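Quick note: the coordinates plus some simple rules give every number you see, no bench work behind them. Nothing here was measured: the structure is a model prediction, and the numbers come from that model. All Cβ positions, even for glycine, are placed from backbone atoms using ideal geometry, and neighbour counts span all protein chains on display.
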């Protein structure tokens, strides 16, 4: 049975005394599948994005599921206070608290990029309240890898985002000099640069529209946005357990959705192999799907992502 969902509810919630923006959309009637209640869904954006990045997913997914989307602290319409240790542990705790306080029942957490790491960490911590986790081109590191990216690796990423006009040595200095950090940040939040960056990471740029660009630009104007940017790109943004350690803690099924043409996924095949290998070593129930898309498949090929996600959800056994 399927019922039309209610309107999307823009809501606010507080975590650690700071305002958090979230969306909620629930079918007008509780929807069951095979005599069992379907799990709730919590959607978690990546770096620089927000709840707006799920614009093509919420309408479809909420036909059959209770759907929530959240802006991580430091992003979107959520607060960006100084003094917070922005990183994986902060965002994990935020998601765990949201599930416990706002949803209150088994939940599948879906995350892209940086949000994928936070989703996995939260799902592992939630134990029986985790109904599953879906990773879309998730960020993170493995225990056999050096944790902090080398400066030359960070330089390569930044030059790709900004353009090749800056030398590697100049970009590396951003790690040291606040003025250069600020100059790079100001450049990255220009609408034209945002558009160019998105066109680099979407194989098909059809969905790189003005609404998407503005959804990324607007939060970058908030006080505190610059400090969040510095924390993440100074290799502090994912402090926490390694992915393989989180897999060992996870007690829920795992769906890996890869945009196979992601230019930001260095050594893509090797990375995918590691995710697959460590998940199986942890005896997880895992499904993997490769999609013809870039870094953000949920927005680039939403129909494919929605279809794969719903098919996988229908196979879950939730009490």
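A few points about this structure:
- Cα gyration tensor, segment 245-309 - rounded (a/c under 1.5), prolate or oblate: oblate
- Whole-Å distance, taken between Cα centres, linking segment 78-118 and segment 255-319: 20 Å
- Difference of contour (0.36 nm per residue) and Cα-Cα distance, residue 249 to residue 270: 5.3 nm
- Here the spin labels are modelled as points 7 Å beyond Cα on the Cα-Cβ line, and at residue 290 and residue 180 they lie 3.8 nm apart.
- Packing-based order for 275-284, 258-267, using average beta carbon neighbours within 10 Å, highest first: 258-267, 275-284
- Pair residue 307, residue 145: separation of 7 Å Cα→Cβ label points (nm): 3.0 nm
- Extension gain, residue 101 to residue 211, is 36.5 nm, computed as 0.36 nm per intervening residue step minus the present C-alpha separation.
- Packing here is the average count of other Cβ atoms within 10 Å per residue, and on that basis the peptides 245-257, 291-303, highest first, run 291-303, 245-257.
- Ranked by how many other beta carbons lie within 10 Å on average, peptides 222-230, 186-194 from highest: 222-230, 186-194
- Model label zone, residue 218; criterion: amide N under 16 Å from point 7 Å along Cα-to-beta-carbon; scope segment 36-65: 48-56
- Taking other Cβ atoms within 10 Å as a rough exposure proxy, 15, 56 sort from fewest to most as 56, 15.
- Here the contact order of segment 203-319, divided by its residue count and restricted to Cα pairs under 8 Å and six or more residues apart, works out to 30 percent.
- Ordering 269, 196 by the number of other Cβ atoms within 10 Å of each residue's own Cβ, fewest first, gives 269, 196.
- Virtual paramagnetic centre 7 Å along Cα→Cβ of residue 277, amide N under 20 Å, in segment 117-140: 137-140
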